[in-house]
Amino acid sequence: MRDTTFTPGRILIYLAVWSLAAAWLVPLAVVMLNSVRTAEEIVQTSMIGWPEHWAWDNYRTAWADFCVAQTCAGIRPYMLNSALVSIPATIISTVFGAVAGYAVSLWRFPGDRWIYGVVTLGLFLPQQMRLLPWTIVLRDVGLINTLTGLVLIHSIQGLSFTTLFCRNYYIAIPRELIGAARIDGAGFFRIFRRIVLPLSPPILIVTVIWQFTHIWNEFLYGVTFTTGQQQPVTAALIALSAAVADVPQHGVQSAAVMIAALPTLLVYLLGGRYFVRGLTAGAVK
Amino acid sequence: MSETAAARRPKVFGLVRRLPEHLTIWLPLLLAAGHIVSFSLWTLWVSFTPSTLLPEFGWVGLHNYTAVLATRNWRIAFDNLLLFGSAFVVLSLLTGLGLAILLDQRIRGENVLRSIFLYPMAVSFVVTGTVWSWLLNPGVGVQKFVNDFGWMSFRFDWLINRDMAIWTIVMAAVWQSAGFGMALFLAGLRSVDTDLIKAAQIDGAGPFRLYRRVILPTLWPITVTVVVIQLQFAITTFDLVRALTGGGPGIATLLPALVVYDFMFQRGLLGRGAAAAVLMLLTLLAVLLPYAAWRHVQARQAARA
C-alpha cells in the first residue's frame, strides 16, 4: 500500500508535508515550553525559546495560586466549573438526543418530519439570536450566574446536534427488525434497549466527544451569563489575561492555557477517529 | 353508550400507558424546536422595539436597523467581515485542499500527520487566540525573536497595526480550521472511482493532468459544503477575536458578533443589539438559502438518475 521508493519528487513531498506539520505544531510547542519558563526569562528573550531553568512551579501557581479579580485560587475552581457544566450537559443532551433520534428515524408519529426539521435548523441559528431570550429566561427562573443555567442552555441547544447525529445513524437500522420486535410485543423503550442501544456505541462515542469538546470550549454564553467565581475556564482565561495585562506573567499564563486545553486535547488524542467522524457527520447536514 | 365507553377506555388507557414514551419523545424535541422558533421571533420582535436596558413594548419600525447601519462600528465590522470572510474561506480552502492532496500521496505516517493538522480543531478559540496574541505581539513574539538574532530592522507588528490586524485573525483562523477542509477533501479523494483514475493513467495522463482533469472535478460538491461551513463560522466569529485582538487596535478588527455583544451587554441597547443580531442572521441566510436550494436540486437530480 505505502510507496517505499524515494524518488526526488517524493522526497520533496515529504519535505513539504513535514515542514507544514512542524509549522502547525509551533503554537503548541511555544506554549508548552513557555509553561516551564519564568516570566523574567521570557521578558528578557521572547516567547520563543528553550527553558533555561525548568520552572515547573508555574503549573502549581496556575492551578491553585494566581489571582483573577481579587480571588487567588488559581484556575482550579474554573476548571471545576467547566467540568460541572460540560459533563452533565453532555450526558443529558446525548441521552435525549439518542432517544429523539431513535424516535424520528424508526417510528412514525404525527409531525415527526416537521419537528425534526425545526430542530436541525438549530445548527444554523447563530447564538446571537438566542442571547437576549436566554438572558431573560435565565433571570426569570433564577438561574442567571449559575452553572445550572449553563447546563440548561447546553442541554437544550445540544439536542440539535445529538438528534441529528443519532437519527442519521439509526436510519440505517432495517425497519424489518423493528417490525418483528413489535409483533413480538416489544414496545418503544424495550426495542430501544434491546435492539438500538446495543448497536449504538460508535455513534454515542462520536456524540459524547463532540458535545464535550464543544461545551468545554464554549465562551460566549460563559462570559455573558456568569461572572467571577461562576465562570467556566474559557471566560476565566480572558479575565486572567486582562488582570495581568500590565505585568504579563507569560509563564504562569502559558501553564494555565495548557491546563485549560488539556481535557479536550486528551479527548482528541484518545478518540481522534471519532472526533473526525463527528466533524464530517456535522458537515453533511 | 356502553359500546362507546368500552371503545374509549382502551384508547385512553393506551395513551396513559404510553405516556412515558410520549414524554421522552416530545419533551426534548419540543424544548429544542420551541426555543429555536420562539427565541428567533423574540429577538426579531425586540429589534422593532425601543428597548434599552430592558425589553420594552412599543414599535419603532426599522429605526433600530437604520441606527445600527449608520454606526461606524457596524460599518467597520461589516467591511471586516467581507475581507475576513473571503480571505479566510479562500485560504483555508486552498490550504485544506493542498494538505489533502499531499496526504493522498501514499505517505508514511499519514495518521500522525492528519492528527497534527487537525488538533487545533479540538482546542478552544480562546486558547488558540491567546497563544497567537503572544506569538504576534511584536514585544515578545516572532518579531522580538528575530530581532534578538541580530536582524534589528525586522518588523512583524500586524497585531498593533490598524490596517493589518485583521490579517492576524485570518492567519489564526486558517491555522485552526484548515484541517477541517483537509479531512473532508481527503475523504472525497479516497472515494474517487479508481477505474476512472486507471483509465486516465492508461490514456497517459501525468499526475498534474490527472488531478486537474479527473480528480478535482469530482470534489466540487465537497468544496461547496466546506465553503458554506467556513462562511458560517466566519459570520459568527466571536471568541477568536476576543482572545486575539479584543477588536482592536481601537476598533480595527470588530466583527458583527462583537458589535451585537457590545450593543446588548456593554451599552445596554437591547433593541439595537437585537437588530444587529437579525442583520447577522440575514447575512447567514444569504449564504445558506442558496446552499439549501442547491442541495435540493442535487437531491432531486440524484433521485431522477
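The values are calculated or read from the model by the stated rules, or taken from the named source; none is laboratory data. If you're wondering where the values come from, they're calculated on a predicted model, not measured in any experiment. Heads up, the Cβs are rebuilt from the backbone with ideal geometry, glycines too, and the neighbour counts pull from every protein chain shown. In case anyone asks, the SASA skips ligands and DNA or RNA and just uses the protein heavy atoms, side chains included. Shrake-Rupley method; radii C 1.70, N 1.55, O 1.52, S 1.80 Å.
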Would you confirm whether or not segment B:100-111 contains a residue that is open to solvent by less than 10 Å² (accessible area, probe 1.4 Å) and within 8 Å of chain A (Cβ to nearest Cβ)? yes
Criterion violated by A:Trp54 - all others in (1) crowded, with 20+ Cβ neighbours inside 10 Å; (2) not assigned by TED's automatic domain parsing to the domain that holds A:Ser241 satisfied: (1)
Test: residue in segment B:181-198 that is within 14 Å of chain A (Cβ to nearest Cβ), among the aromatic types (Phe, Trp, Tyr) and crowded, with 17+ Cβ neighbours inside 10 Å: yes
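For segment B:114-135, state whether one or more residues are open to solvent by 40 Å² or more (accessible area, probe 1.4 Å), outside any helix (DSSP H, G or I) and either within 24 Å of B:Thr223 (Cβ to Cβ) or assigned by TED's automatic domain parsing to the domain that holds B:Gly181 (or both). Give the derivation first.
Narrowing segment B:114-135 to residues open to solvent by 40 Å² or more (accessible area, probe 1.4 Å): B:114-115, B:121, B:125.
Those left that are additionally outside any helix (DSSP H, G or I): none.
No; the residues of segment B:114-135 include none that is open to solvent by 40 Å² or more (accessible area, probe 1.4 Å), outside any helix (DSSP H, G or I) and either within 24 Å of B:Thr223 (Cβ to Cβ) or assigned by TED's automatic domain parsing to the domain that holds B:Gly181 (or both).
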Would you say A:Thr234 is within 13 Å of chain B (Cβ to nearest Cβ), hydroxyl-bearing (Ser, Thr, Tyr) and in contact with a Gly (Cβ under 7 Å, 6 or more places away or on another chain)? yes
Expected output for segment B:61-79 (first residue over 13 Å from B:Phe263 (Cα atoms), partner open to solvent by 30 Å² or more (accessible area, probe 1.4 Å), Cβ below 7 Å, 6+ apart or cross-chain) is B:Gly61/B:Phe48; B:Ile76/B:Ile251
Looking for whichever is at the interface with chain B (Cβ under 9 Å from one of its Cβ atoms) and buried (at least 22 other Cβ atoms within 10 Å of the Cβ) here; the options are A:Ala261, A:Ala255. Which one fits? A:Ala261
As an exercise: evaluate A:Ala55 against (1) hydrophobic (A, V, I, L, M, F, W, C); (2) in contact (Cβ under 8 Å) with a residue 60 or more places away in the chain; (3) away from every other protein chain (no Cβ under 13 Å); (4) under 30 Å from A:His214 (Cα atoms) and give the number of the one condition it does not meet. (4)
Name the residue, out of A:Leu143, A:Leu152, A:Leu147, that is more than 27 Å from B:Ser47 (Cα to Cα) and more than 8 Å from every other protein chain (Cβ to nearest Cβ). A:Leu147
Out of everything in segment B:136-169 that is over 29 Å from B:Asp79 (Cα atoms) and open to solvent by 50 Å² or more (accessible area, probe 1.4 Å), what residue ends up being nearest to the other protein chains (Cβ to nearest Cβ)? B:Phe145
Cross-chain or 6+ apart pairs with Cβ under 8 Å, segment A:70-87 first and touching a residue at least 12 places away in the same chain (Cβ under 8 Å), then among the hydrophobic types (A, V, I, L, M, F, W, C) and open to solvent by 50 Å² or more (accessible area, probe 1.4 Å): A:Gly74/A:Trp63; A:Ile75/A:Trp63; A:Arg76/A:Trp63
Taking the conditions exactly as written (among the small types (Gly, Ala, Ser) and open to solvent by 10 Å² or more (accessible area, probe 1.4 Å)), does B:Gly85 satisfy them or not? no
Any residue that is farther than 23 Å from A:Ala98 by Cα and touching a helix residue (DSSP H, G or I) at 6+ places or on another chain (Cβ under 7 Å) - is there at least one of those in segment A:199-215? no
Just give me the residues in segment B:222-257 being among the polar types (S, T, N, Q) and more than 10 Å from chain A (Cβ to nearest Cβ), in sequence order. B:Thr223, B:Gln230, B:Thr237, B:Thr245, B:Thr253
Quick one: would you say A:Leu123 is out of contact with any Pro (no Cβ under 9 Å at 6 or more places or on another chain) and within 30 Å of A:Thr227 (Cα to Cα)? yes
Any residue at all in segment A:86-101 that is more than 11 Å from every other protein chain (Cβ to nearest Cβ), modelled with pLDDT of 95 or more, closer than 30 Å to B:Gly141 by Cα and touching a helix residue (DSSP H, G or I) at 6+ places or on another chain (Cβ under 7 Å)? no
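Among the residues of segment A:33-45, count how many are under 15 Å from A:Val247 (Cα atoms) and crowded, with 20+ Cβ neighbours inside 10 Å.
First pass over segment A:33-45, keeping only residues under 15 Å from A:Val247 (Cα atoms): A:38-44.
Add one more test, that the residue is crowded, with 20+ Cβ neighbours inside 10 Å, and what stays is A:38, A:42.
Selection size over segment A:33-45: 2.
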Are there any pairs with C-beta distances below 8 angstrom linking a residue in segment B:23-36 that is facing chain A (nearest Cβ under 7 Å) to a residue that is among the charged types (D, E, K, R) and crowded, with 16+ Cβ neighbours inside 10 Å, with the two at least 6 apart or on different chains, and if so which? B:His35/A:Arg130
Test of understanding: among B:Gly85, B:Gly96, which residue is out of contact with any strand residue (DSSP E or B) (no Cβ under 9 Å at 6 or more places or on another chain) and away from every other protein chain (no Cβ under 13 Å)? B:Gly85
Breaking point among (1) more than 30 Å from B:Gly273 (Cα to Cα); (2) within 14 Å of chain B (Cβ to nearest Cβ); (3) open to solvent by less than 70 Å² (accessible area, probe 1.4 Å), for A:Pro202: (2)
Go through segment A:122-186 and tell me which helices (runs of 4 or more DSSP H), entirely inside it, have 1 or more residues that are open to solvent by less than 50 Å² (accessible area, probe 1.4 Å) and at pLDDT 95 or above. A:128-140, A:147-170
